[in-house]
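Okay, structure first, notes after.
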Amino acid sequence: MAKKPYEERTDLEKIQSQWHKLSGLHTREEWSAAIVRAATAAEIAANYAIRIEFRARSEFDAAFVDSLLRWANGLAGKLDRLLMPLSAGDKHKHAQMKQLCTIAAIINKKRNAIAHQGEFCNEQEAIDVIAKTNDFITSLVRIYKEDFVLKERPA
């Protein structure tokens, strides 16, 4: 059976694809690339949450929501400009989003240092950021899909 083309995958399938890809990068000791891939998976998790929020409270079409995702520009923008305001009416969810913003800031800082300053990372940095990213993705997605599990690539 052929793989589903990436652009046809759901956000959850894309998160899983990114996670499998980063496992391979980590195995090949490509620490910095693995961190960037993890951050990409985190941003896709934010996309998933934003899409769910808009589906639940609006009749905006997918193209408009996608334009908002591009406008928000990055993990921090998606949290600050979309998810925080969208969760403001729900104290529990808003508190969860605030906690996730703290984790996202750590992920984003390291990702940006790699992508924009050419920083190289070591194994421990990769392990730490990937663990934080796993927590971020799992916590965020479980707000909307309680049984979500980020699967590790089979060895």
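A short reminder: the numbers here are calculations on the coordinates, not readings from a lab. Only a predicted model underlies this, so the values are computations on that prediction, with no experimental measurement involved. Neighbour counts are summed over all protein chains in view; Cβ atoms, including those assigned to glycine, are modelled from backbone coordinates with ideal geometry.
Yes/no matrix, rows are residues, columns are (1) within 14 Å of Leu22 (Cα to Cα); (2) touching a helix residue (DSSP H, G or I) at 6+ places or on another chain (Cβ under 7 Å); (3) among the hydrophobic types (A, V, I, L, M, F, W, C):
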| site | (1), (2), (3) |
| --- | --- |
| Ala88 | no, yes, yes |
| Ile103 | no, yes, yes |
| Ile106 | no, yes, yes |
| Asn112 | no, no, no |
| Glu123 | yes, yes, no |
| Phe136 | no, yes, yes |
| Ser139 | no, yes, no |
| Glu146 | no, no, no |
Next on the checklist: Going residue by residue through region 70-86, is there one that turns out to be surrounded by 18 or more Cβ atoms within 10 Å (Cβ to Cβ), farther than 17 Å from Ala105 by Cβ and touching a Phe, Trp or Tyr at 6+ places or on another chain (Cβ under 6 Å)?
Outcome noted: no
Checklist entry - Is it true that some residue in region 26-34 is basic (Lys, Arg) and touching a helix residue (DSSP H, G or I) at 6+ places or on another chain (Cβ under 6 Å)? => result no
Item to check | Top-ranked residue of region 87-103 - restricted to ones that are under 20 Å from Lys132 (Cβ atoms) and not polar (S, T, N, Q), ranked as surrounded by the most Cβ atoms within 10 Å (Cβ to Cβ) | outcome: Leu100
Item to check | Filter pass, Ala95 being free of Cβ contacts under 8 Å to residues at least 12 places away in the same chain, over 16 Å from Ala39 (Cα atoms) and among the aliphatic types (A, V, I, L, M) | outcome: yes
Checklist entry - When the residues of region 104-155 are filtered to those that are of a type in the set (Ser, Thr, Tyr) and in contact (Cβ under 8 Å) with a residue 40 or more places away in the chain, which remaining residue is surrounded by the most Cβ atoms within 10 Å (Cβ to Cβ)? => result Thr133
Item to check | Number of the condition not met by Ile35 [criteria: (1) touching a Phe, Trp or Tyr at 6+ places or on another chain (Cβ under 9 Å); (2) closer than 15 Å to Ile107 by Cβ] | outcome: (1)
Next on the checklist: Residues to consider are Arg51, Arg9; find the one that is of a type in the set (Lys, Arg), surrounded by 15 or more Cβ atoms within 10 Å (Cβ to Cβ) and in contact (Cβ under 8 Å) with a residue 40 or more places away in the chain.
Outcome noted: Arg51
